[in-house]
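These notes concern the structure reproduced below.
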Amino acid sequence: MKIIVILAINILLASFTAFADNNDLENEWRSLDAKKTVLLTLPHGKVVIELAPQFSPAHVKQFIKLVKSGHYNGNKFYRVIDGFVAQGGPEDGSPADKSVPLIKMEGDFTTDKNWQFTKIQDNDLFAEQTGFKDGFSLAHNPSEKKAWLTHCPGVIAMARGNEADSASSHFYIVNGQATRYLDRIMTIFGRVVYGMNNIQAVTRTSVIEGDIPVNKKDFTPMISMQMMSDVPKEQQILLQVQNTEHPAYSEMIVKRKKRENAFFYKKPPPVLDVCQTPVNVRILK
């Protein structure tokens with residue numbers, strides 16, 4: 001009888017372990033919430049943007065409201081500089097532009113001793129620490145108890161005038177290498193998780209001196225911008241991203257720093273740039 005009971009317990013434990021392992025494996029990936037995801041349709045393709053209400057709640061709230069109202073549909077990317085940003089929105093001074101209320105800066109947020117994130121490195125050029133939280137690249141100054149999202153390629157932020165609290169609806173997407181000098185003085189509220197190649201293909205509006213200016217009629221339009229939850233199910237793009245809080249992601253970071261692949265016959269310094277550390281994405285549908 002004891003043998004049977006012990007065997008039953010062992011089978012139960014094995015089943016529980018397998019279940020836990022499967023859950024851990026599943027937790028290595030995080031499914032995007034369709035209510036916090038935007039589908040941007042361009043003439044040449046689709047772009048999916050994950051919003052970050054946990055870091056920039058007021059900006060995300062206003063952006064969602066604008067998206068749902070059709071505010072961006074038919075507007076253009078009017079300031080597109082190679083290796084810098086693709087900026088779009090309604091024409092300056094238009095009724096659509098004037099109708100949007102200004103919004104206060106959300107450049108950083110307060111942390112405490114219990115605040116956690118997946119650290120990438122210490123003391124980069126702009127911050128005491130860098131790393132990831134919820135898939136978003138960020139910087140952290142423990143001495144200030146402040147953290148903020150970083151201007152890495154693909155992030156979306158709200159444009160503004162000279163005054164800090166002058167953002168409304170004009171936004172930009174970083175289309176080049178990191179513009180980290182904009183950190184904390186602009187509000188990042190999301191990031192491109194799919195279709196960055198289509199952002200890179202947006203027509204540049206800025207030309208070198210002496211070249212023919214780009215005609216406004218050739219600026220790339222936004223065909224439509226919708227919340228993914230409002231898109232018909234058969235047209236939705238459902239994605240998963242790596243869970244940057246999962247131990248597997250931390251292990252990947254360690255391996256990436258060591259560069260143990262045979263290709264590296266000379267080892268680079270064991271450091272990582274947060275803007276060149278990938279968070280992988282996969283399509284569910």
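The values are calculated or read from the model by the stated rules, or taken from the named source; none is laboratory data. Fair warning: this is a prediction, and the values are worked out from it, not measured in the lab. Glycine also receives a Cβ, built like all others from the backbone with ideal geometry; neighbour counts cover every protein chain displayed.
Observations on the model:
- Residues considered: 133, 145, 113. Of these, the only one that is modelled with pLDDT of 95 or more, charged (D, E, K, R) and loosely packed, with under 15 Cβ neighbours inside 10 Å is 145.
- Residue match in the range 60-83 (condition: surrounded by fewer than 22 Cβ atoms within 10 Å (Cβ to Cβ), within 16 Å of residue 174 (Cβ to Cβ), β-branched (Val, Ile, Thr) and in contact (Cβ under 8 Å) with a residue 24 or more places away in the chain): yes
- The requirement of being modelled with pLDDT of 95 or more, farther than 30 Å from residue 125 by Cβ and either part of a loop (DSSP other than H, G, I, E, B) or of a type in the set (A, V, I, L, M, F, W, C) (or both) is fulfilled somewhere in the range 163-177, by at least one residue.
- Pick from the range 151-189, criterion β-branched (Val, Ile, Thr) and farther than 21 Å from residue 202 by Cβ, ranking: surrounded by the fewest Cβ atoms within 10 Å (Cβ to Cβ): 185
- Scanning the range 251-276 for residues that are in contact with a strand residue (DSSP E or B) (Cβ under 6 Å, 6 or more places away or on another chain) and buried (at least 16 other Cβ atoms within 10 Å of the Cβ), we see that the one that is farthest from residue 152 (Cα to Cα) is 272.
- Residue match in the range 92-106 (condition: touching a strand residue (DSSP E or B) at 6+ places or on another chain (Cβ under 9 Å) and among the polar types (S, T, N, Q)): no
- Filtered residue count, the range 93-126, keeping only those that are aliphatic (A, V, I, L, M) and under 19 Å from the mean Cα position of the chain (by Cα): 2
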